[in-house]
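Any read-out appearing in this document is the output of simple, stated calculations on the displayed coordinates, not a laboratory observation. Note that this is a predicted model, so its numbers are computed, not measured. Because the Cβ atoms are built from the backbone with ideal geometry, glycine has one as well, and the counts that use them run over all protein chains shown.
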Amino acid sequence: MTESSCQQPCARKVPIFTSLSDEDLAKVSAMIRHRKYEKGEALILEEQPSDTLYIIKNGHVKLLKMTPQGKEQILHILSTGDFFGELNIFNSDELSNFSAYALKTTHICMLTKDDMELLIRNNPDISLKLLKTVTKRLAHTEKLAQSLATKDPEIRIAYMIMEMGHKYGKPVKERIKVELPLSREEMANYVGVTRETISRKFSKFERLGIIEIKGTREITIQNMQLLNEYID
């Protein structure tokens with residue numbers, strides 16, 4: 001595969017670049033640097049400086065913070081077409097407020113702060129699209145905080161299953177098949193419970209006919225209405 005054929009899809013996959021002309025997309029592709037990260041490899045660490053916008057060409061990335069107790073708190077799970085590091089584009093003096101790790105072999109496209117500033121000057125609507133993405137991330141973080149604030153682990157786990165279904169689910173007749181991007185341990189870190197609690201509650205949801213479990217990385221949401229009742 002040539003470098004240009006590898007670059008072009010990356011620019012086209014990102015929503016903030018959808019308004020660009022073919023000529024401008026070609027310019028973006030010429031600016032992009034590529035890197036492959038293996039599962040578990042860090043893209044960026046919390047409290048480190050960064051002047052790069054990271055775009056996921058394919059794969060999954062988790063954004064997380066470490067709690068005072070030294071445990072992971074996963075903030076976001078990102079996949080193909082998602083990006084992060086946008087806040088450092090506007091203020092490079094800030095240190096990263098999260099770490100990012102590859103959940104599987106992941107191919108990343110990178111644009112520097114200088115390149116992004118040039119793009120934004122020539123295409124001001126990119127700034128608005130970046131702002132919309134930041135706003136959605138903040139709303140997600142607020143929902144996550146509300147979920148973590150509840151004392152009922154079943155509600156937190158039901159919320160997570162619902163979220164994974166919306167983002168990664170594929171309709172199969174009246175059910176939703178979900179390839180889980182997280183391990184049991186990572187799901188536990190995401191919703192603030194133990195790994196044992198995840199396994200126990202998954203088994204309960206399966207007995208109730210809400211989900212069907214297949215291995216450790218696949219579930220099928222059988223009854224969305226019952227799942228919604230836990231969240232409501």
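Brief remarks follow.
- The stretch 4-88: Rg to Rh, with Rh as the Kirkwood radius over Cα pairs: 1.02
- Working note: 222 nm ellipticity from helices only, DSSP H runs with n ≥ 4, each -39,500 (n - 2.57), summed and divided by the residues of the chain, gives -14000 deg cm²/dmol to the nearest 500.
- When exposed loop sites are taken as trypsin sites (Lys or Arg not before Pro) in a DSSP loop with at most 10 other Cβ atoms within 10 Å, the longest stretch of the chain clear of them is 1-150.
- The convex hull defined by the C-alpha atoms of the stretch 78-232 has an orientation-averaged projected area of 11.1 nm².
- Here the spin labels are modelled as points 7 Å beyond Cα on the Cα-Cβ line, and at Ser203 and Glu142 they lie 3.9 nm apart.
- Over 21 Å (Cα to Cα) - which of Lys13/Lys129; Lys62/Lys173; Lys65/Lys104; Lys62/Lys104; Lys136/Lys173 fall in this group: Lys62/Lys173; Lys136/Lys173
- Measuring how big the stretch 193-232 is from its alpha-carbon positions, Rg and Dmax come out at 10.2, 28 Å.
- Dipole of the chain, positive end: most advanced residue of Ser203, Ile77, Ile108 [Cβ charges, Cα centre]: Ser203
- Most mobile listed residue (Ala100, Ala42, Ala188) in the chain, GNM with C-alpha springs under 10 Å: Ala42
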